[in-house]
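Nothing in this text is a laboratory measurement; each read-out follows from the coordinates by a stated rule. If you're wondering where the values come from, they're calculated on a predicted model, not measured in any experiment. Glycine also receives a Cβ, built like all others from the backbone with ideal geometry; neighbour counts cover every protein chain displayed.
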């Protein structure tokens, strides 16, 4: 569970994304309560080709190199 300030930040971020525009407010609230925040350093791997699909990643800022 995340703290209330982070939950509000996540909820605001999700509401500002066009991909979530048709999602009901109650679902955005639910997502903001269970989301995990992770800071990735430059050059750090997020996932590898063989990894199973378990998570959805949203970027607040920065760039991703795919190859």
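Confirm whether residue 40 is assigned to a loop (DSSP other than H, G, I, E, B) and surrounded by 12 or more Cβ atoms within 10 Å (Cβ to Cβ). Judged against the criteria, residue 40 is a match. Each residue in the range 1-37 was checked for being in contact (Cβ under 8 Å) with a residue 24 or more places away in the chain, part of a loop (DSSP other than H, G, I, E, B) and surrounded by 10 or more Cβ atoms within 10 Å (Cβ to Cβ), and 4 of them qualify.
Is the range 48-66 home to any residue that is surrounded by 10 or more Cβ atoms within 10 Å (Cβ to Cβ), in contact with a helix residue (DSSP H, G or I) (Cβ under 9 Å, 6 or more places away or on another chain) and either free of Cβ contacts under 8 Å to residues at least 24 places away in the same chain or part of a loop (DSSP other than H, G, I, E, B) (or both)? Spell out the reasoning first.
Kept after step one, since they are surrounded by 10 or more Cβ atoms within 10 Å (Cβ to Cβ), are these residues of the range 48-66: 51, 55, 58.
Then keep just the ones that are in contact with a helix residue (DSSP H, G or I) (Cβ under 9 Å, 6 or more places away or on another chain); that gives 58.
Applying the additional criterion that residues be either free of Cβ contacts under 8 Å to residues at least 24 places away in the same chain or part of a loop (DSSP other than H, G, I, E, B) (or both) yields 58.
For the range 48-66, residues surrounded by 10 or more Cβ atoms within 10 Å (Cβ to Cβ), in contact with a helix residue (DSSP H, G or I) (Cβ under 9 Å, 6 or more places away or on another chain) and either free of Cβ contacts under 8 Å to residues at least 24 places away in the same chain or part of a loop (DSSP other than H, G, I, E, B) (or both): present.
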